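Before any comments, here is the structure.
Values quoted throughout were computed directly from the atomic coordinates according to the rules given, and no laboratory measurement underlies them. All values derive from a computational prediction rather than experimental measurement. In this analysis, Cβ positions are derived from the backbone assuming ideal geometry, glycine residues included, and neighbour counts consider all displayed protein chains.
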Amino acid sequence: MTEPRTPGEERLAQLAEPEKEVAAGTRTLVVGPYMTRKRRVSTDSEGEGGNPRPPDARLDEIAGLALAIDLTVVRSLIAPLSSPRPATFIGSGKVEELAGLIRAEEIGLVVMDCALSPVQQRNLEKAWGAKVIDRTGLILEIFGRRARTKEGTLQVELAHLSYQKGRLVRSWTHLERQRGGFGFLGGPGETQIEADRRMIQERMNRIERDLEGVVKTRSLHRTSRRRVPYPIIALVGYTNAGKSTLFNRMTQADVLAENMLFATLDPTSRAIELPHGEKAILSDTVGFISDLPTMLVAAFRATLEDVVEADVLLHVRDVSHGETEAQAGDVAVVLRELGIDPEDTRRIIEVWNKADLLSADDRERLAATSQRTGEERRPILISALTGDGIPELLATIEQHLALGRLTYEVDVAAEDGQGLAWLHENTEILDRQTKENGHTVLQVRLVAGKEPRFLNRFPEARVL
């Protein structure tokens, strides 16, 4: 039996929800208020210099986000915009036009693919008589439903509270209430909105402290892995690019892999074996998306630390998608925010996924493009679903991990069976020859961190 909540806890639970939970099946209108090309300027919803994607592609994506939480999308439409309006973001004529559509179609929720101010959101809800959420609110709703681990739920709540803190003016109508002061000259005390903001900030501080503990725990796990040590390979890419399907293919795991946006939220790691026998840790991560709310990038920084710490990053791209180049650009933006150079070809391998969805001509063209590209930057064309290209990908990962590692030639006596076994377990065996005297000469490449033990055991080894 759960203990009843205190009034303060009840209040905080209300404030922790940026939008009251949207019920599955709600009849939904999706609106794309996009700047016309002639007057395209930088806005909160379009980022610096505007979003380069065509409006139809952007509308399809936001509709996909709505479908990801089982909303019933009745209509999706573009509302051309010359410039955002302070009161309602879109023009008054369009507001009235959509009001008629909303009444006729019995719409209960309107999703606006932009960043609305609290005032704009409140005014649109009054004009339409329906709930309105913007892009950030929708993504937060998805994240709230997908998070399963303690870390994930804490990060989502932190992002929710950060979002809600600036929107209290929209949510509450009793802002004129005041609490009594203390002492003889206490004055009128703090207003309800001040109390709510203080309560939210206190909860945010507690969550940040809890997340620091989570970060320390994850750091200890990474440190223990380094002592083994296993190299870390992290999957990154646009949401729904096929990362979890690839993760399952490479690890024989059963992580949720569905054709929906943000199917994966909590990080998952498994061991894999590379062609020469070396083991590595493969980590699946949350997908990126265009115009990802900055509060979510900050909140999920702990989750993405596996990306920051990884020895090799696999940038998984859906090459069957019409906007694959724009999606790759969005991934590059997030990587830069994490302090990672997206042009670091020694560390990043581009993986062209979903080759099974390509026509024979397109597949042949991309394969030829891959082969013409220099070895250092060569993308690997695969199908995570069918397994095509996976052996080449594993070999490429091994090559990238080998960069900077030393190769030695070592002479092992016939009677040193333990030494031979140690080499097979702790190094990559590149070549092996048996001499007439029974000695075995091996060319080995050292796994990171094993050099001191190797040289202690085989002091006569020669660097190649």
Sparse-neighbour loop sites [trypsin sites (Lys or Arg not before Pro); the range 360-464; at most 12 other C-beta within 10 Å; DSSP]: ARG377, LYS435
Size of the range 407-463 as Cα extents on the principal axes (Å, biggest first): 33, 19, 18
Long pairs among LYS243/LYS279; LYS354/LYS450; LYS216/LYS279, criterion Cα-Cα beyond 29 Å: LYS354/LYS450
Relative exposure of VAL463, VAL214, VAL441, VAL31, judged by other C-beta atoms within 10 Å (fewest first): VAL463, VAL441, VAL214, VAL31
Proxy reagent accessibility, fewest Cβ within 10 Å first, across TYR238, TYR34: TYR34, TYR238
Neighbour-count order for PHE143, PHE458, fewest beta carbons within 10 angstrom listed first: PHE458, PHE143
Using distinct alpha-carbon pairs, which all enter the 1/r mean, Kirkwood radius of the range 83-162 in Å: 13.9 Å
Contour minus Cα-Cα distance for LYS279 and THR369 (0.36 nm per residue): 29.3 nm
